[in-house]
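Asks: For reference, the structure I am asking about is given below.
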Amino acid sequence: MIVAPSVLSLDYSRMKEQVDELNASKAEWMHFDVMDGHFVPNLTFGPDILKGFCKMSPLVKDVHLMVSDPFFFSDVFARAGADYITFHAEALDNDDRSIRDLCDHIHSLGCKAGISVKPFTRIDAVRPFLKQFDLFLVMSVEPGFGGQAFLPASIAKIETLRHWLDNAHPEALIEVDGGINEHTGKLCRDAGADVLVAGSYVFKNDIQKAVESLCL
C-alpha cells in the first residue's frame with residue numbers, strides 16, 4: 001500500500017520537523033492539494049510551495065488540482081516538480097475530448113496523469129478513460145477542506161473501479177482521499193485501493209506510527 005500524506009494538514013509552525021519525520025516514515029508519496037477558491041471554496045498552495053517541498057523531500061509529488069482551469073495549472077505544477085497531476089472531470093464539464101486532450105498534455109509534460117470525480121458524481125464518468133490514465137482518484141469526502149468524515153458509499157466506487165481496471169488496465173492505480181484513518185484505510189485496501197491519502201490522521205498524530213498503520 002502506498003501512503004500519500006496530504007501536506008494540507010501539516011503544522012506549518014513545525015514544517016521542517018514534520019517533513020523530516022515524514023521523510024523518515026514509510027510514506028512513499030506526498031499529496032499536494034491545489035485549490036483556486038473557485039472550483040472549490042478554499043485557497044491553498046502555489047507552485048513555489050511545491051518547489052520548496054521538492055527541495056525538502058525525495059517523496060513522489062502527487063499534485064491534486066481542484067481548480068477551474070486544469071490546463072493552465074498542469075503546466076505550472078509540472079514545471080514546479082509534480083510527478084503525478086490529477087484533475088477533476090467536472091472542471092472540464094465531463095467533456096470526453098477535453099479530458100483526453102488534457103491527459104495527453106500532462107503526459108507530454110513528463111508527468112503521470114490522474115482523473116477524479118467528486119463524491120456525488122457517478123463513477124461511470126471515468127469509465128471511458130480506463131486505458132488512458134495512470135491514476136484514478138476516488139474522493140471519499142467533498143473536496144475543498146481537510147478533516148471531513150469518510151463517506152461509506154466510496155467503498156462501492158473503489159470496488160467497481162478495481163473490477164474495471166483489472167480487466168482493462170491493471171497497472172493503473174486507485175487512490176482514495178478523504179477521512180482516511182486506520183479503520184477506513186483498511187476498508188479501502190480491502191476494496192482494492194492502491195494509494196491512501198491521509199492528512200489529519202498523519203500530521204495530528206505520531207507521523208511515523210500513523211503512516212505505518214496505513215501500510216499494513
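Read-outs throughout are calculated quantities, based only on the coordinates presented, and are distinct from any laboratory measurement. Predicted, not measured: the structure shown is a model, and the values here were computed from it. Counting neighbours? That spans all protein chains shown, and the Cβs are built from the backbone with ideal geometry, glycine included.
Asks: Let me understand the chain better: what is its radius of gyration from the alpha carbons, and its Dmax, in angstrom?
Replies: Answer for the chain, Rg first and Dmax second: 15.8, 46 Å.
Asks: Counting other Cβ atoms within 10 Å, keep those with at most 15, restrict to DSSP loop, and tell me which trypsin sites (Lys or Arg not before Pro) in region 1-52 are left.
Replies: Sparse-neighbourhood loop trypsin sites (Lys or Arg not before Pro): Lys26.
Asks: What ³J(HN,Hα) values, in whole Hz, does the Karplus curve 6.51 cos²θ - 1.76 cosθ + 1.60 give for region 71-79 when θ = phi - 60°, with x put for Gly and Pro?
Replies: 4, 5, 6, 5, 4, 4, 7, 5, 5
Asks: In addition: Can you run phi through the Karplus equation (6.51, -1.76, 1.60; θ = phi - 60°) for region 86-99 and list ³J(HN,Hα) in whole Hz, with x for Gly and Pro?
Replies: So the J values, rounded to whole Hz, are 10, 10, 9, 4, 5, 5, 10, 6, 6, 7, 4, 5, 4, 5.
Asks: Name the long-range amide H neighbours of Ala4: under 5 Å, sequence gap of 5 or more, or other chain; modelled H, no Pro or chain starts.
Replies: Sorted by chain and number, the residues that satisfy this are Leu196, Val197, Ala198.
Asks: Does region 66-171 classify as rounded, prolate or oblate by the C-alpha gyration tensor (a ≥ b ≥ c root eigenvalues; a/c under 1.5 gives rounded; else a/b over b/c gives prolate, otherwise oblate)? Write down the numbers at each step before the final one.
Replies: Details: a/c = 1.71, a/b = 1.24, b/c = 1.37.
Since a/c reaches 1.5 but b/c is at least a/b, the shape of region 66-171 is classed as oblate.
Asks: Using a cut-off of 11 Å between beta-carbons, work out the net charge of the residues near Phe45 (Lys and Arg +1, Asp and Glu -1, Phe45 not included).
Replies: On the way: positive: Lys51; negative: Asp33, Asp36, Asp48.
Net charge around Phe45: -2.
Asks: Let me ask something additional. Mind listing which GluC sites (Glu not before Pro) in region 120-180 are in a DSSP loop and have 14 or fewer other Cβ atoms within 10 Å?
Replies: Taking region 120-180 and a limit of 14 other Cβ atoms within 10 Å, the loop GluC sites (Glu not before Pro) found are Glu171.
Asks: Taking the Cα centre as origin and putting +1 on Lys and Arg beta-carbons and -1 on Asp and Glu beta-carbons, what dipole magnitude results for the chain, to the nearest 20 debye? Could you put the intermediate results ahead of the total?
Replies: On the way: 20 positive and 31 negative charges, 40 e Å.
Around 200 debye, computed over the chain.
Asks: Shifting gears a bit: Pairs of alpha-carbon atoms within less than 8 angstrom and 6+ residues apart define the contacts here; what relative contact order does the chain have, in percent? Present the calculation step by step, with values, prior to reporting the outcome.
Replies: Values: 438 pairs, mean separation 49.3, N = 216.
Rounded, it is 23 percent for the chain.
Asks: Another question, then. Provide the net charge surrounding Leu22, with neighbours chosen by a C-beta distance below 11 Å and charges set as Lys +1, Arg +1, Asp -1, Glu -1.
Replies: -2
Asks: Indicate, rounded to the nearest 5 percent, the antiparallel portion of the DSSP beta bridges found entirely in the chain.
Replies: 5 percent
Asks: Follow-up. Quick one: which of Lys112/Lys209; Lys16/Lys209; Lys26/Lys204; Lys112/Lys204; Lys157/Lys186; Lys26/Lys131 span more than 20 angstrom between C-alpha atoms?
Replies: As for pairs spanning more than 20 Å Cα to Cα, those are Lys112/Lys209; Lys112/Lys204; Lys26/Lys131.
Asks: Looking only at His38, His88, His64, which one moves most when the chain is put into a Gaussian network model with springs between Cα atoms under 10 Å?
Replies: His38
Asks: Here's something else I'd like to know. Mind listing the phi-derived Karplus ³J(HN,Hα) values for region 106-113, rounded to whole Hz, using 6.51, -1.76 and 1.60 with θ = phi - 60°, and x for any glycine or proline?
Replies: Rounded to whole hertz, the list is 4, 4, 5, 7, x, 10, 6, 10.
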